[in-house]
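Student: Pasting in a structure now, in C-alpha coordinates, and then I'll have a few things to ask.
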Amino acid sequence: MTRKTLTYDELRITPADVYEQMGYRDAVPDDMTQRETQAVINEVYTWLQPQFCYLVEAVLPPFDLGAIIRRQLRGAEAYALFICTSGTAFDAYQQRLKDDGDMVRMFIADALGSVIAERCADRMEEHLQESIDKLGWHHTNRFSPGYCGWHVSQQQLLFPLFNGNTCGVRLTDSSLMVPIKSVSGIIGVGEKVRRLDYTCGLCDFQQCYKRKLKPAK
(Lines give C-alpha, C1' and ligand atoms only; values in the text may rest on other atoms or scores of the structure.)
Protein backbone atom coordinates (compact mmCIF):
# COMPACT_ATOMS: atom_id res chain seq x y z
CA MET A 1 0.00 0.00 0.00
CA THR A 2 1.32 3.43 -0.95
CA ARG A 3 -0.24 6.60 0.48
CA LYS A 4 0.81 10.21 -0.02
CA THR A 5 -0.48 13.66 0.93
CA LEU A 6 0.19 16.44 -1.57
CA THR A 7 0.39 20.22 -1.43
CA TYR A 8 -1.47 22.55 -3.76
CA ASP A 9 1.78 23.40 -5.52
CA GLU A 10 2.47 19.73 -6.22
CA LEU A 11 -0.81 19.51 -8.16
CA ARG A 12 0.52 22.02 -10.72
CA ILE A 13 -2.88 23.63 -11.33
CA THR A 14 -3.20 26.89 -13.24
CA PRO A 15 -6.26 29.19 -13.32
CA ALA A 16 -6.63 28.21 -16.98
CA ASP A 17 -7.22 24.60 -15.88
CA VAL A 18 -10.11 25.76 -13.71
CA TYR A 19 -11.53 27.95 -16.47
CA GLU A 20 -11.53 24.97 -18.82
CA GLN A 21 -13.36 22.84 -16.27
CA MET A 22 -15.89 25.69 -15.91
CA GLY A 23 -16.59 25.43 -19.62
CA TYR A 24 -14.57 28.34 -21.00
CA ARG A 25 -12.33 26.12 -23.15
CA ASP A 26 -10.14 28.60 -25.11
CA ALA A 27 -12.15 31.67 -24.12
CA VAL A 28 -11.02 34.02 -21.36
CA PRO A 29 -13.59 34.69 -18.60
CA ASP A 30 -14.49 38.22 -17.55
CA ASP A 31 -12.43 40.08 -14.97
CA MET A 32 -14.86 39.34 -12.14
CA THR A 33 -14.72 35.59 -12.78
CA GLN A 34 -10.92 35.70 -12.91
CA ARG A 35 -10.77 37.59 -9.60
CA GLU A 36 -13.21 35.23 -7.90
CA THR A 37 -11.38 32.18 -9.21
CA GLN A 38 -8.07 33.45 -7.87
CA ALA A 39 -9.75 34.28 -4.55
CA VAL A 40 -11.00 30.69 -4.22
CA ILE A 41 -7.56 29.34 -5.10
CA ASN A 42 -5.92 31.65 -2.55
CA GLU A 43 -8.41 30.56 0.10
CA VAL A 44 -7.73 26.83 -0.25
CA TYR A 45 -4.01 27.11 -1.02
CA THR A 46 -2.68 26.98 2.54
CA TRP A 47 -4.82 24.21 3.98
CA LEU A 48 -5.60 21.89 1.07
CA GLN A 49 -4.38 18.31 1.64
CA PRO A 50 -5.27 16.12 -1.33
CA GLN A 51 -4.24 12.48 -0.94
CA PHE A 52 -3.80 9.38 -3.01
CA CYS A 53 -3.35 5.75 -2.11
CA TYR A 54 -2.80 2.73 -4.28
CA LEU A 55 -1.97 -0.95 -4.04
CA VAL A 56 -0.75 -3.37 -6.68
CA GLU A 57 -2.38 -6.76 -7.09
CA ALA A 58 -0.80 -9.59 -9.08
CA VAL A 59 -4.22 -11.04 -9.93
CA LEU A 60 -7.11 -9.07 -11.38
CA PRO A 61 -9.85 -8.83 -8.73
CA PRO A 62 -13.25 -10.26 -9.73
CA PHE A 63 -14.60 -7.01 -11.15
CA ASP A 64 -17.18 -6.88 -13.91
CA LEU A 65 -15.15 -4.36 -15.91
CA GLY A 66 -16.92 -4.62 -19.23
CA ALA A 67 -15.41 -5.27 -22.64
CA ILE A 68 -13.85 -1.82 -23.19
CA ILE A 69 -11.74 -1.78 -20.03
CA ARG A 70 -10.82 -5.46 -20.24
CA ARG A 71 -9.50 -4.84 -23.74
CA GLN A 72 -7.44 -1.87 -22.57
CA LEU A 73 -5.96 -3.91 -19.70
CA ARG A 74 -5.00 -6.81 -21.95
CA GLY A 75 -1.35 -7.81 -21.45
CA ALA A 76 -1.08 -6.37 -17.95
CA GLU A 77 1.10 -8.31 -15.54
CA ALA A 78 -0.38 -6.68 -12.44
CA TYR A 79 -3.09 -4.18 -11.52
CA ALA A 80 -2.87 -0.96 -9.51
CA LEU A 81 -6.02 -0.08 -7.60
CA PHE A 82 -6.25 3.54 -6.47
CA ILE A 83 -8.20 6.17 -4.58
CA CYS A 84 -7.46 9.89 -4.90
CA THR A 85 -9.30 12.70 -3.13
CA SER A 86 -9.39 16.46 -2.70
CA GLY A 87 -9.86 15.73 1.01
CA THR A 88 -12.44 16.24 3.74
CA ALA A 89 -11.37 19.85 4.35
CA PHE A 90 -12.23 20.78 0.77
CA ASP A 91 -15.55 18.98 1.09
CA ALA A 92 -16.31 21.04 4.21
CA TYR A 93 -15.28 24.22 2.36
CA GLN A 94 -17.80 23.51 -0.40
CA GLN A 95 -20.49 22.96 2.21
CA ARG A 96 -19.69 26.32 3.85
CA LEU A 97 -20.06 28.08 0.51
CA LYS A 98 -23.40 26.35 0.02
CA ASP A 99 -24.56 27.34 3.52
CA ASP A 100 -23.54 30.95 2.80
CA GLY A 101 -25.43 30.90 -0.51
CA ASP A 102 -22.36 32.07 -2.43
CA MET A 103 -23.41 30.74 -5.82
CA VAL A 104 -20.45 32.17 -7.75
CA ARG A 105 -17.81 30.66 -5.49
CA MET A 106 -19.79 27.42 -5.24
CA PHE A 107 -19.55 27.09 -9.03
CA ILE A 108 -15.85 27.92 -9.03
CA ALA A 109 -15.09 25.58 -6.12
CA ASP A 110 -16.98 22.76 -7.83
CA ALA A 111 -14.79 23.16 -10.92
CA LEU A 112 -11.62 23.52 -8.84
CA GLY A 113 -12.45 20.41 -6.82
CA SER A 114 -12.80 18.36 -9.99
CA VAL A 115 -9.42 19.61 -11.21
CA ILE A 116 -7.83 18.89 -7.82
CA ALA A 117 -9.07 15.29 -7.83
CA GLU A 118 -7.89 14.69 -11.40
CA ARG A 119 -4.49 16.28 -10.83
CA CYS A 120 -4.09 14.24 -7.67
CA ALA A 121 -4.74 11.16 -9.82
CA ASP A 122 -2.15 12.43 -12.32
CA ARG A 123 0.45 12.67 -9.55
CA MET A 124 -0.55 9.18 -8.41
CA GLU A 125 0.12 7.87 -11.93
CA GLU A 126 3.55 9.50 -11.92
CA HIS A 127 4.37 7.99 -8.54
CA LEU A 128 3.20 4.58 -9.74
CA GLN A 129 5.34 4.83 -12.87
CA GLU A 130 8.41 5.72 -10.80
CA SER A 131 7.79 2.63 -8.66
CA ILE A 132 7.66 0.28 -11.68
CA ASP A 133 10.45 1.89 -13.73
CA LYS A 134 12.97 -0.50 -12.18
CA LEU A 135 11.01 -3.41 -13.65
CA GLY A 136 10.95 -1.88 -17.11
CA TRP A 137 7.16 -1.75 -16.85
CA HIS A 138 4.65 0.78 -18.19
CA HIS A 139 1.07 1.53 -17.22
CA THR A 140 -2.27 1.87 -18.98
CA ASN A 141 -4.77 4.68 -18.70
CA ARG A 142 -6.69 4.80 -15.47
CA PHE A 143 -10.29 3.58 -15.49
CA SER A 144 -12.96 4.31 -12.90
CA PRO A 145 -16.26 2.72 -11.90
CA GLY A 146 -19.06 4.56 -13.66
CA TYR A 147 -17.18 4.89 -16.97
CA CYS A 148 -16.64 2.72 -20.05
CA GLY A 149 -19.16 0.10 -18.97
CA TRP A 150 -17.79 -0.46 -15.45
CA HIS A 151 -20.82 0.06 -13.21
CA VAL A 152 -20.43 2.44 -10.27
CA SER A 153 -21.78 -0.24 -7.91
CA GLN A 154 -18.44 -2.04 -8.38
CA GLN A 155 -17.02 0.47 -5.89
CA GLN A 156 -18.42 -1.92 -3.29
CA LEU A 157 -15.90 -4.54 -4.46
CA LEU A 158 -13.02 -2.11 -4.92
CA PHE A 159 -13.01 -0.33 -1.55
CA PRO A 160 -12.78 -3.41 0.74
CA LEU A 161 -9.49 -4.32 -0.93
CA PHE A 162 -7.92 -1.31 0.83
CA ASN A 163 -8.75 -2.73 4.29
CA GLY A 164 -9.98 0.64 5.52
CA ASN A 165 -6.96 2.61 4.23
CA THR A 166 -8.99 4.72 1.77
CA CYS A 167 -7.51 8.20 2.37
CA GLY A 168 -10.60 9.10 4.36
CA VAL A 169 -12.94 8.38 1.45
CA ARG A 170 -16.11 6.42 2.17
CA LEU A 171 -18.94 5.10 0.05
CA THR A 172 -22.63 5.90 0.31
CA ASP A 173 -25.23 3.16 -0.07
CA SER A 174 -25.52 4.17 -3.74
CA SER A 175 -21.73 3.69 -4.20
CA LEU A 176 -20.90 7.40 -4.52
CA MET A 177 -17.71 8.60 -2.86
CA VAL A 178 -17.55 11.09 0.02
CA PRO A 179 -15.76 13.49 -0.33
CA ILE A 180 -17.43 13.74 -3.71
CA LYS A 181 -14.33 15.23 -5.34
CA SER A 182 -12.58 11.88 -5.37
CA VAL A 183 -11.44 9.42 -8.03
CA SER A 184 -10.98 5.67 -7.77
CA GLY A 185 -10.23 2.90 -10.19
CA ILE A 186 -7.76 0.55 -11.79
CA ILE A 187 -4.60 0.78 -13.90
CA GLY A 188 -2.86 -2.08 -15.68
CA VAL A 189 0.92 -2.34 -15.34
CA GLY A 190 3.43 -4.48 -17.18
CA GLU A 191 6.08 -4.60 -19.85
CA LYS A 192 3.72 -4.71 -22.81
CA VAL A 193 0.99 -2.23 -21.82
CA ARG A 194 0.94 1.45 -22.76
CA ARG A 195 -0.86 4.64 -21.77
CA LEU A 196 -2.84 5.90 -24.76
CA ASP A 197 -4.79 8.99 -25.65
CA TYR A 198 -8.33 8.67 -24.32
CA THR A 199 -10.30 7.31 -27.27
CA CYS A 200 -13.85 8.51 -26.71
CA GLY A 201 -14.99 6.71 -29.86
CA LEU A 202 -14.80 3.43 -27.92
CA CYS A 203 -17.32 4.56 -25.33
CA ASP A 204 -20.89 5.87 -25.62
CA PHE A 205 -21.07 7.55 -22.19
CA GLN A 206 -21.91 11.14 -23.15
CA GLN A 207 -21.36 12.64 -19.66
CA CYS A 208 -17.75 11.46 -19.30
CA TYR A 209 -15.49 14.28 -18.13
CA LYS A 210 -12.87 13.26 -20.72
CA ARG A 211 -15.44 13.73 -23.47
CA LYS A 212 -16.52 17.11 -22.06
CA LEU A 213 -12.95 18.38 -22.11
CA LYS A 214 -12.36 17.46 -25.74
CA PRO A 215 -11.94 20.54 -27.98
CA ALA A 216 -15.14 21.81 -29.48
CA LYS A 217 -15.59 21.12 -33.19
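Student: With r defined as the distance between the Cβ atoms of Thr88 and Leu196 and R0 fixed at 30 Å, what FRET efficiency is calculated, to the nearest 0.05?
Tutor: About 0.35, to the nearest 0.05.
Student: Using alpha carbons only, how many angstrom separate the centre of the stretch 100-133 from the centre of the stretch 1-67?
Tutor: Taking the Cα centre of each part, the stretch 100-133 and the stretch 1-67 sit 1 Å apart.
Student: Lysine pairs in the chain 8 or more apart or on different chains: how many have alpha carbons under 24 angstrom apart?
Tutor: So the count of such lysine pairs works out to 7.
Student: Hey, another quick one. Can you list the trypsin sites (Lys or Arg not before Pro) in the stretch 1-95 that are in a DSSP coil and have 15 or fewer other beta carbons within 10 angstrom?
Tutor: Arg12, Arg25, Arg74
Student: Can you tell me the 0 to 90 degree angle between the C-alpha axis of helix 103-132 and the longest principal axis of the chain, rounded to 10?
Tutor: Helix 103-132 sits roughly 30 degrees off the main axis of the chain.
Student: OK, next. GNM on the chain, C-alpha springs below 10 Å: top fluctuator among Gly101, Gly146, Gly188?
Tutor: Gly101
Student: Something else: Would you mind checking the tilt of helix 31-45 against the longest principal axis of the Cα atoms of the chain, expressed as 0 to 90 degrees and rounded to 10?
Tutor: 60
Student: Evaluated at 37 °C with a viscosity of 0.692 mPa s, what Stokes-Einstein diffusion coefficient in µm²/s does the stretch 104-148 have when Rh comes from the Kirkwood expression over alpha-carbon pairs?
Tutor: Rounded, D is 261 µm²/s.
Student: Using alpha carbons only, how many degrees (0 to 90, rounded to 10) separate the axis of helix 88-100 from the longest principal axis of the chain?
Tutor: That helix lies at roughly 30 degrees to the long axis.
Student: Heavy atoms only, probe 1.4 angstrom, no DNA, RNA or ligands counted: give me Met22, Met32 ranked by accessible area, highest first.
Tutor: Of Met22, Met32, the descending order of accessible area is Met32, Met22.
Student: To the nearest whole percent, what portion of all C-alpha pairs in the stretch 1-114 is separated by more than 24 angstrom?
Tutor: 44
Student: Starting from one equal scatterer on each C-alpha and no solvent at all, send me the Debye-based log10 I(q)/I(0) for the chain at q = 0.08 Å⁻¹, two decimals.
Tutor: -0.29
Student: Right, another one. Under unit Cβ charges (Lys, Arg +1; Asp, Glu -1), what dipole magnitude, rounded to 20 debye, does the chain have relative to its Cα centre?
Tutor: 660
Student: Please check the chain for the longest run free of GluC sites (Glu not before Pro) that are loop-located per DSSP (anything but H, G, I, E, B) and have at most 16 other Cβ atoms within 10 Å.
Tutor: 78-190
Student: So who's got an amide H within less than 5 Å of the one on Arg170, skipping anything under 5 residues away but keeping other chains? H placed 1.01 Å off N, in plane.
Tutor: Amide H neighbours of Arg170: Val178.
The values are calculated or read from the model by the stated rules, or taken from the named source; none is laboratory data. These numbers were taken from a predicted model, which means no experiment stands behind them. As a convention, Cβ positions derive from the backbone with ideal geometry for all residues, glycine included, and neighbour counts pool all protein chains shown. Keep in mind that these areas ignore ligands, DNA and RNA; they rest on the heavy atoms of the full protein, side chains included. Shrake-Rupley method; radii C 1.70, N 1.55, O 1.52, S 1.80 Å.
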